[in-house]
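Report on the structure given below.
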Amino acid sequence: MHLFTGSSHPALAKALSGELKVRLGRMTVKRFSCGECYVKFEESVRGKEVYILSCPGRDPDEDLMELFLICQAAKLSFAHRVHVILPSFPYSRQDRVAEPREPISAKLIAYLLETSGADHVITLTLHSDQIQGFFTIPVDVLDARPIFAEYFRKKKLKNPIVVSPDTGGAKQAKKFADILVADLAIMHKTRSEHNKAEILEVVGDVSGRTCILYDDMIDTGGSMISAKHALIKRGALKDIYVAATHPIFSGSAVNNLKKAGFKEVVITDSMTLPSTFPGLKILPIAPLLANVIRHIEKGESVTEIYK
Ligand code: R5P
């Protein structure tokens, strides 16, 4: 196998290459002065299993364009198969026509990936299961749940309850609660406009409980902060934890989360971070990705990893 990456997350690429004990392939990625991206494999990929790691972050469009070009370069250079490792799937929230005259952006991203030459996608904690159906190529959807479970189990929290900040994430939060042998509460969230969250109701008794807010991503942090206020109002213990796979942390998210006074904000390193703050815990995903890739390379079950 041959591992390559663009410019989106050098630290994760390094960690993954270390876990796999495979050196990172040589590749040029640069920009013309007009902003157009240029990529080139600096070594042969002919007949090879090519793995391309990309972690679109706070500049998702640039990172995606770079990924499409790398995929096409691999294909045009006779790679045997192009495996895209895309832990954070950009545009994943736009997975349906929520209001008339909108695109299904996540479906378009899937189409563009395939058209660029991807033969297989490995992704982590998809925003919704239906995104798998946007592809005609195989997609391995990994989950960060075991990583969070291992972390929180060790804490032996008093009277824990897992809280989903919206109904969309309830199914995933329930699975997480089941591993922790904890109860589940679900919030009813509305948005008056993009990036503005308001919690209207909480289903479940959170009074006197240690709450773990569980979600797939934190973007502005608005959902989590609004959820925290709702929990405190309903008598939850003041030490509130947050667990979310993808730290988009756009705008003033870092400052807002810092000020919100969570006991801990636990995330993975699926994306680069603008900055850190006390109480931010970053759980590494490279060991999981490496394990999955090893299983794929040996033609062994990936599902086994979750047992
Ligand atoms: C929404 O459905 C997602 O699961 C997250 O709850 C949301 O995207 C988080 O966004 P923000 O941090 O801006 O509230």
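When you go through D129, D63, D119, D59 one by one, which is the residue that is of a type in the set (D, E), under 26 Å from N291 (Cβ atoms) and at pLDDT below 95?
D129
The set of residues in segment 102-141 being among the polar types (S, T, N, Q) and either under 30 Å from F78 (Cβ atoms) or touching a residue at least 24 places away in the same chain (Cβ under 8 Å) (or both) consists of T115, S116, T123, T125, S128, Q130, Q132, T136. When the residues of segment 124-143 are filtered to those that are within 16 Å of the ligand (Cβ to nearest atom) and part of a strand (DSSP E or B), the one that is nearest to the chain's Cα centre (by Cα) is L124. Comparison of L3, L24, L69 shows that the only residue that is without any contact (Cβ under 8 Å) to a residue 24 or more places away in the chain, touching a Phe, Trp or Tyr at 6+ places or on another chain (Cβ under 9 Å) and over 15 Å from M271 (Cβ atoms) is L24. Could we say that Y51 is buried (at least 20 other Cβ atoms within 10 Å of the Cβ) and of a type outside the set (V, I, T) here? Here the answer is yes, as Y51 does meet what is asked. Considering only residues that are at positive phi and within 14 Å of the ligand (Cβ to nearest atom), look in segment 231-272 and name the one that is surrounded by the most Cβ atoms within 10 Å (Cβ to Cβ). Only one residue tops the list, namely F249.
Residues considered: D205, D215. Of these, the only one that is of a type in the set (D, E) and touching a strand residue (DSSP E or B) at 6+ places or on another chain (Cβ under 6 Å) is D215. Restricted to segment 171-210, and to residues there that are of a type in the set (G, A, S) and under 20 Å from H229 (Cβ atoms), the residue that is surrounded by the fewest Cβ atoms within 10 Å (Cβ to Cβ) is S192.
Count of segment 181-227 residues, restricted to those that are within 15 Å of the ligand (Cβ to nearest atom), closer than 20 Å to D239 by Cα and either touching a Phe, Trp or Tyr at 6+ places or on another chain (Cβ under 6 Å) or among the polar types (S, T, N, Q) (or both), is 4. Residue-level check: of (1) touching a residue at least 60 places away in the same chain (Cβ under 8 Å); (2) surrounded by fewer than 16 Cβ atoms within 10 Å (Cβ to Cβ); (3) polar (S, T, N, Q), S88 misses just (2). Looking only at segment 148-171, residues that are over 16 Å from T268 (Cα atoms), in contact with a helix residue (DSSP H, G or I) (Cβ under 9 Å, 6 or more places away or on another chain) and touching a residue at least 12 places away in the same chain (Cβ under 8 Å) come to 9 in all.
Residue-by-condition table, conditions (1) free of Cβ contacts under 8 Å to residues at least 40 places away in the same chain; (2) assigned to a strand (DSSP E or B); (3) at negative phi:
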residue	(1), (2), (3)
V39	yes, yes, yes
G57	no, no, yes
D63	no, no, yes
A74	no, no, yes
F78	yes, no, no
P100	yes, no, yes
P146	no, no, yes
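Selection over segment 163-180 of residues that are under 18 Å from the mean Cα position of the chain (by Cα) and either within 13 Å of the ligand (Cβ to nearest atom) or modelled with pLDDT under 95 (or both) gives a count of 9. The residues of segment 10-28 that are out of contact with any Asp or Glu (no Cβ under 8 Å at 6 or more places or on another chain) and either at positive phi or part of a loop (DSSP other than H, G, I, E, B) (or both), listed by number, are K21, V22, R23.
The values are calculated or read from the model by the stated rules, or taken from the named source; none is laboratory data. It should be emphasised that the depicted structure is a prediction, and the values quoted were computed from it without experimental measurement. Cβ: placed from backbone, ideal geometry, glycine included. Neighbour counts: every protein chain shown.
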